[in-house]
Structure formats: structure tokens, C-alpha cells
Amino acid sequence: MEFIKHHNWRYATKKFEPSKKVSPENIATIKTAVQLSVSSYGLQLYKVLIIEDKKIREQLLPASWHQKQITEASHLFVFCNYTNVNPKQVDQYIDLTAKTRNLQLDALSGYGDFMKTKIKEKSADELFNWMKNQTYIALANLLSICAELKIDTCPMEGFEADKYNEILGLNKKGLNASVVTAIGYRDKEDHTQYLAKVRKPLDYLFETL
Ligand SMILES: Cc1cc2nc3c(=O)[nH]c(=O)nc-3n(C[C@H](O)[C@H](O)[C@H](O)COP(=O)(O)O)c2cc1C
């Protein structure tokens, strides 16, 4: 099956070829795949920064455990969750739904109120983690589309979010760097690409009831 073949090809790339750039067409496809990601209630309470600028990436390097993928990859995607939910964000989603589906706002106000009530029930920490969780769904879609496009990736949690937030000016936008992915093309000297995949056996991972 193609999907399995692509995912066996994919690995967390440690060394990228700095001279090989991902094309604007492929970046557009990746953006659409991220856009199509599912999210809780459909609210998409996150933003994604795409960083190509070398100087910014050099600044991020010490805040990324000095992992070279940060500067050697073609592009860096920084998934950022909002730190708070503003009821206006729910209203914007309701407006967008009404416009997209040609519906009256009244028909959707009950759903909007329901979401706002459910959101109010969560503590600040729960809300933060809830929004952060959504970014990982988008990350998974990015990894899948890149595997299909034969673009290499390295998902990364090995970075200091506080420093990213400061360097990238995320604090003042009410955002937090949640997870990062470097994308580009593998260097043939990256020996990890030749290693067999380590995965738990299916009969251990799954239980059929
Ligand atoms: C959320 C997340 C964070 C990760 N953080 C890092 C990281 O900071 N640096 C790194 O080299 N790999 C990182 N990885 C890669 C994993 O170590 C890797 O996916 C795992 O060992 C399985 O190997 P494979 O992806 O090559 O099949 C991360 C993966 C995920 C999903």
C-alpha cells in the first residue's frame, strides 16, 4: 500500500542537505494539508509560522538543543497554540461557517453558545493543553503529506518554548510555540536513514475486544 510505503521511507531526519530547497508549489500543498487538518469543534485555535530566514533560524539554534536540523533544513514550521480562548474566536468561526455554507447566523448561534459554555468549563491549563493538542494533529498531517511528496521531515520537541516565544515575538500575539518541524531533503551521510524502524509489534500495540 502506497501510504505504508511512504511512511516506511519517512524517518526523523537528522542531517539535511542545506542547498536543497522545497519548492513553493510543495510548500503550498503542505499548507493546504495543514489547513485541512481536523480540530476540536473545527476552531483551529493555532497558527503556523514558516521560517526560511537563516538569521532567525540561527537565533533559534541555541534554543533548540543546538540541533542542526533547525538551520540546515529548507524550511522550519513552528506550530503555535493560542494561550487563551477569546469568545470572539468562536464568533469568527461561526461567521466563517455561515458565509461558507450560506447559512443565517441565527441558525448557528446555539452551536456557538454551546462551544462557549464548554470552553468556559475548562481551567486555563486544560484550555492551553487542549489547544496545544490540536497542533499535533496538524503536525501529523504535515508529516504524512511530506512523506507522500518525498520531502524529509524532523518533528521536534527538543526546544525551549519560552525562548522561541521571545525570539519570534509570540508572547505579544497570545501564542506559544508548541511543536516544530524541519523540512527539506536528507543528506546521504545521515546514517539514521539506513537504520531499521523500531516499533512495538502490532499484537502488543493493539488489543481487539
Ligand atoms: C513530538 C515529537 C518530538 C520529537 N522531537 C525530536 C527532536 O527534538 N529531535 C529529533 O531529532 N527527533 C525528534 N523526534 C523524532 C522521534 O525521535 C522519532 O520520530 C522516533 O524516534 C521514531 O523514529 P522515525 O521517525 O525515524 O521512524 C520527535 C518526534 C515527535 C513525534
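The values are calculated or read from the model by the stated rules, or taken from the named source; none is laboratory data. Quick caveat: nothing in here was measured; it's all calculated off a predicted structure. Here the Cβ positions follow ideal geometry from the backbone for every residue, glycine too, while neighbour counts run over all protein chains shown. Remember, those area values only see protein heavy atoms, side chains included, never the ligands or the DNA or RNA. Shrake-Rupley method; radii C 1.70, N 1.55, O 1.52, S 1.80 Å.
The set of residues from the range 58-89 being part of a loop (DSSP other than H, G, I, E, B), of a type outside the set (A, V, I, L, M) and open to solvent by less than 70 Å² (accessible area, probe 1.4 Å) comprises Gln67, Ser74, Thr83.
Does Asn141 count as surrounded by fewer than 16 Cβ atoms within 10 Å (Cβ to Cβ), in contact with a helix residue (DSSP H, G or I) (Cβ under 9 Å, 6 or more places away or on another chain) and under 29 Å from Ile4 (Cβ atoms)? Criteria not met by Asn141. Is the range 158-177 home to any residue that is of a type in the set (Lys, Arg), assigned to a helix (DSSP H, G or I), surrounded by 12 or more Cβ atoms within 10 Å (Cβ to Cβ) and away from the ligand (no atom under 16 Å from the Cβ)? There is at least one residue in the range 158-177 that is of a type in the set (Lys, Arg), assigned to a helix (DSSP H, G or I), surrounded by 12 or more Cβ atoms within 10 Å (Cβ to Cβ) and away from the ligand (no atom under 16 Å from the Cβ).
Taken together, Phe3, Phe16 contain a single residue that is within 16 Å of the ligand (Cβ to nearest atom), at pLDDT below 95 and more than 15 Å from Val179 (Cβ to Cβ), which is Phe3.
Condition first: farther than 24 Å from Tyr164 by Cβ and hydroxyl-bearing (Ser, Thr, Tyr). Can you find one or more residues in the range 42-65 that meet it? Checked the range 42-65: no residue is farther than 24 Å from Tyr164 by Cβ and hydroxyl-bearing (Ser, Thr, Tyr). When Asn8 is evaluated against the numbered criteria (1) over 23 Å from Ala161 (Cβ atoms); (2) among the polar types (S, T, N, Q); (3) outside any helix (DSSP H, G or I), which criterion, by number, is the only one it fails? Unmet for Asn8, out of (1) over 23 Å from Ala161 (Cβ atoms); (2) among the polar types (S, T, N, Q); (3) outside any helix (DSSP H, G or I): (3).
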